[in-house]
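Rule-based calculations on the coordinates, nothing more; no lab input. Because the structure is a prediction, the values reported are computed rather than measured. Ideal geometry is used to build each Cβ from the backbone, glycine not excepted, and the neighbour counts take in all protein chains shown.
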Amino acid sequence: MDQNAGSFLAVRRLSGAGIVHHHHSSPAEVVGVSTAWIGRGLSGITKSRSLFQEECLHRLQNRIEVQYDSSNLEHQKALKALWRTSFPGTELEGLVSDQWKEMGWQGKDPSTDFRGGGFISLENLLYFSRSYPKSFQELLCKKNGDRALWEYPFAVAGVNITFMLIQMLDLQAAKPTSLIGVVFLNLLLENDRAFDILYCITFKLMDQKWLEMHATYMDFNAVIKSTRRQLERELLLEDIQRIEDMPSFRLLDR
């Protein structure tokens, strides 16, 4: 989302270059990190060279590189599944339909919005809807809190979250080049769905920040940045051994 104009971030891919990076954390944004944990994190750089770690990272990177293809039957199937889990009992008129606007897509064809986050952004939404249906429905239907008159569009926000996490975790590098990336790789070893779970945590945390900041549509970029800073702080806590150990994980409700 452009900070000045207030419109949602136009995420895009560059041929051969992957996701465009728009934001980098300064040292001041990552606080509360003990010297001991920094040492543990740096020691993980050596561990990350293990074959198993490389395989885990490679599988996730392969997912990131898949672009949404509206002619792919598996992609169509996943999109239809997302509709069913989002609006059970409501028949979908078509893959191109004004109905999609109810979920927070910018137009009647969601495929145009997936271009930024790729197919993994659809997989993230589908995983969220299936694994934490209560939290998913609360965010989709804006059930909690005193909501703004101009709310963030749910689905497009989801694509932006996928994009932000890919940047934050440095997932398009051959191997982690940041402490956050090293820490996440260790969590990925513990659970190969760590990225999907972190996505769910992030979406729920972002909505909480939205309410705390009394944000409106124009404030989305500031909310995303605040969410990212908290995620970075939590990932660098000493006792985080699994993705489920993150304090914000408890926000999720099945």
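Taking a ≥ b ≥ c as the square roots of the eigenvalues of the Cα gyration tensor, region 43-251 is classed as oblate, since a/c reaches at least 1.5 and a/b does not exceed b/c.
Summing +1 for each Lys or Arg and -1 for each Asp or Glu, what net charge is found among the other residues whose Cβ lies under 13 Å from the Cβ of Ser70? Net of charged neighbours comes to 0.
Counting Lys and Arg as +1 and Asp and Glu as -1 over every other residue whose Cβ lies under 13 Å from the Cβ of Asp98, the net charge comes to -1.
Ignoring lysines fewer than eight residues from Lys175 along the same chain, the ones with Cα atoms less than 25 angstrom from its Cα are Lys47, Lys225. Among 53-61, 71-79, 120-128, the peptide with the highest mean count of other Cβ atoms within 10 Å heads the list, and the full ranking is 120-128, 53-61, 71-79. Annotation: lysines with alpha-carbon distance below 21 angstrom to Lys77 (same-chain offsets under eight excluded): Lys101, Lys108. Evaluating 6.51 cos²θ - 1.76 cosθ + 1.60 at θ = phi - 60° for every residue in region 130-147, the Karplus couplings come out as 8, 8, 9, x, 5, 5, 4, 5, 4, 6, 4, 9, 6, 7, 9, x, 8, 7 Hz, glycine and proline recorded as x.
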